[in-house]
1. Return the residues of segment 63-81 that are in contact (Cβ under 8 Å) with a residue 24 or more places away in the chain and surrounded by fewer than 15 Cβ atoms within 10 Å (Cβ to Cβ); say none if nothing qualifies.
2. Need pairs with beta-carbon distance below 6 Å; first residue buried (at least 18 other Cβ atoms within 10 Å of the Cβ) and within segment 130-145, second part of a strand (DSSP E or B) and of a type in the set (D, E, K, R); sequence gap 6+ or separate chains.
3. Whether any residue in segment 5-20 is open to solvent by less than 60 Å² (accessible area, probe 1.4 Å), in contact with a helix residue (DSSP H, G or I) (Cβ under 8 Å, 6 or more places away or on another chain), within 23 Å of Gln71 (Cβ to Cβ) and not in a helix (DSSP H, G or I) is what I want to check.
4. Considering each of Arg84, Arg56 in turn, give the residue that is surrounded by 12 or more Cβ atoms within 10 Å (Cβ to Cβ), in contact with a Pro (Cβ under 7 Å, 6 or more places away or on another chain) and closer than 23 Å to Trp137 by Cα.
5. Do you know which of the residues in segment 21-44 that are modelled with pLDDT of 95 or more and open to solvent by 60 Å² or more (accessible area, probe 1.4 Å) is nearest to Ala118 (Cα to Cα)?
6. Within segment 116-128, identify whether any single residue is part of a strand (DSSP E or B) and surrounded by fewer than 18 Cβ atoms within 10 Å (Cβ to Cβ), and answer yes or no.
7. Would you check if there is a residue in segment 89-107 being surrounded by fewer than 16 Cβ atoms within 10 Å (Cβ to Cβ) and in contact with a helix residue (DSSP H, G or I) (Cβ under 9 Å, 6 or more places away or on another chain)?
Amino acid sequence: MLYQAIFIPDGEPRPSRDILKEPNVQQSLKGWGRKGDTALIAIDASNNPIGAVWVRLFDENNSTYGYIDSQTPLLGMALLPEYRGKGIGTALLGEMLRITKEAGFGAVSLSVDPNNPALKLYNRLGFKKIGVDGTSWNMIVEFNE
């Protein structure tokens with residue numbers, strides 16, 4: 001799903017899977033299972049994974065795109081193309097935000113290309129742009145107590 005999370009504009013060819021070897025991409029899931037790592041996986045009727053959302057904490061020494069601070073989990077999300085636009089992403093993201101808030105975190109951050117259609121979902125669920133990193137926006141949603 002990490003490969004599917006990489007935004008490619010319409011009409012552009014998908015990069016080879018070697019992109020997953022780039023350090024900033026690898027950081028997203030390297031050593032999965034640390035304290036705070038949480039993931040949800042959507043499956044189809046045949047138990048095949050069709051989407052996922054995950055959060056994990058980083059610090060200055062092992063950060064990646066969308067990093068805010070060591071107390072704010074960074075979110076990643078992906079759906080297989082044929083399942084986009086059907087409400088699955090909304091359900092996954094909403095549940096992950098609920099879980100993260102209940103775990104005591106005050107916010108969640110992410111990185112998104114401003115041309116990615118998922119930006120509409122992030123805006124709808126309360127994420128706000130707080131900066132730019134290269135061609136992507138860093139966004140955060142803060143939880144109200």
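1. Just the residues of segment 63-81 that are in contact (Cβ under 8 Å) with a residue 24 or more places away in the chain, to begin with: 63-68, 71-81.
Correct list: Gln71, Pro81.
2. Matching pairs, first to second residue: Trp137/Lys129; Met139/Lys129.
3. Among the residues of segment 5-20, not one is open to solvent by less than 60 Å² (accessible area, probe 1.4 Å), in contact with a helix residue (DSSP H, G or I) (Cβ under 8 Å, 6 or more places away or on another chain), within 23 Å of Gln71 (Cβ to Cβ) and not in a helix (DSSP H, G or I), which makes the answer no.
4. Values: Arg84 fails: in contact with a Pro (Cβ under 7 Å, 6 or more places away or on another chain).
Going through Arg84, Arg56 in turn, just one is surrounded by 12 or more Cβ atoms within 10 Å (Cβ to Cβ), in contact with a Pro (Cβ under 7 Å, 6 or more places away or on another chain) and closer than 23 Å to Trp137 by Cα: Arg56.
5. So the residue we want is Ile41.
6. yes
7. yes
The values are calculated or read from the model by the stated rules, or taken from the named source; none is laboratory data. Please read these numbers as outputs of a predicted model, since none were measured by experiment. Every residue, glycine among them, receives a Cβ derived from its backbone with ideal geometry; neighbour counts consider all protein chains shown. Heads up: the accessible areas ignore ligands, DNA and RNA and are worked out on the full protein's heavy atoms, side chains in. Shrake-Rupley method; radii C 1.70, N 1.55, O 1.52, S 1.80 Å.
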